[in-house]
Amino acid sequence: MIDDIKKDAKHRMKRAIEVLENEYAKLRTGRANASLLDHVRVDYYGTEVPISQAANVVAEDARTITITAWEKSMTAVIEKAIINSDLGLNPNTAGTVIRINLPPLTEERRKELAKVVRHEAENARVAVRNIRRDANQSVKELVKEKMISEDDEKRAENEIQKITDDHIAQIESVMAAKEKETLSL
């Protein structure tokens, strides 16, 4: 039972880190990254789909993203979706190829992005702590139902704390890498 609680907590904490990494992928750091457009949705014959399901999205170089629509008629729709997105990007269209040049970030914008990076990391740390609280609560329930002893409870809480500390350290390293990337462009 305790093993199941620990396994569930570990899985949920790992998922919190994955969510953090996905949030970081959406941040526009000035370096071209195809995942920057992942949350942009286009109208594909009446259905809203991610841009990657209607076109090939590739980071051509450090400052350019190239989008090639699978159908010529989708080029204008994709371009409009990018313009209407909250990214503030200006696509250039040449035939069926859309190019997006990412301008270099100003120092002020980099500092704002660093704050966003730290904020997202704090959200992930809070999520991990909430998972720890839930796991500890589940262990306390087992003690109340006399399914485990208080010694087992203390041991389980210590192990859950170690799992939590490991995941918090992973969040810190992911945050430090993203912050370094953001500030050093």
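The values are calculated or read from the model by the stated rules, or taken from the named source; none is laboratory data. Quick caveat: nothing in here was measured; it's all calculated off a predicted structure. Glycine also receives a Cβ, built like all others from the backbone with ideal geometry; neighbour counts cover every protein chain displayed. SASA here: full protein model, heavy atoms, side chains in, ligands and nucleic acids out. Shrake-Rupley method; radii C 1.70, N 1.55, O 1.52, S 1.80 Å.
Key figures for this structure:
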read-out	value
Among residues of the stretch 69-87, those that are free of Cβ contacts under 8 Å to residues at least 40 places away in the same chain and surrounded by 15 or more Cβ atoms within 10 Å (Cβ to Cβ), counted	6
Any hit, the stretch 88-100, residues being surrounded by fewer than 19 Cβ atoms within 10 Å (Cβ to Cβ), charged (D, E, K, R) and touching a residue at least 12 places away in the same chain (Cβ under 8 Å)	yes
Given (1) open to solvent by less than 30 Å² (accessible area, probe 1.4 Å); (2) under 17 Å from the mean Cα position of the chain (by Cα), index of the condition THR66 fails	(2)
Count of the stretch 131-154 residues which are of a type in the set (Lys, Arg) and in contact (Cβ under 8 Å) with a residue 12 or more places away in the chain	2
Test set (1) of a type in the set (A, V, I, L, M); (2) crowded, with 19+ Cβ neighbours inside 10 Å; (3) at pLDDT below 85 - ALA25 fails condition number	(2)
Scope the stretch 134-164; condition closer than 29 Å to GLU21 by Cα and either surrounded by 12 or more Cβ atoms within 10 Å (Cβ to Cβ) or among the β-branched types (Val, Ile, Thr) (or both); matching residues	ASP134, ALA135, ASN136, SER138, ALA156, GLU157, GLU159, ILE160, GLN161, ILE163, THR164
Subset of the stretch 113-129 [open to solvent by 80 Å² or more (accessible area, probe 1.4 Å) and free of Cβ contacts under 8 Å to residues at least 40 places away in the same chain]	LYS115, HIS119, ARG129
The stretch 36-49, residues that are touching a strand residue (DSSP E or B) at 6+ places or on another chain (Cβ under 9 Å) and exposed (fewer than 15 other Cβ atoms within 10 Å of the Cβ)	HIS39, ASP43, GLU48, VAL49
ALA176 vs. criteria surrounded by 13 or more Cβ atoms within 10 Å (Cβ to Cβ), closer than 30 Å to ALA62 by Cα and modelled with pLDDT of 90 or more	no
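Yes or no, residue by residue, for (1) over 21 Å from THR182 (Cβ atoms); (2) of a type in the set (A, V, I, L, M, F, W, C):
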residue: GLU21; (1), (2): no, no
residue: ALA32; (1), (2): no, yes
residue: ASP38; (1), (2): no, no
residue: VAL42; (1), (2): yes, yes
residue: TYR45; (1), (2): yes, no
residue: ALA59; (1), (2): no, yes
residue: ILE67; (1), (2): yes, yes
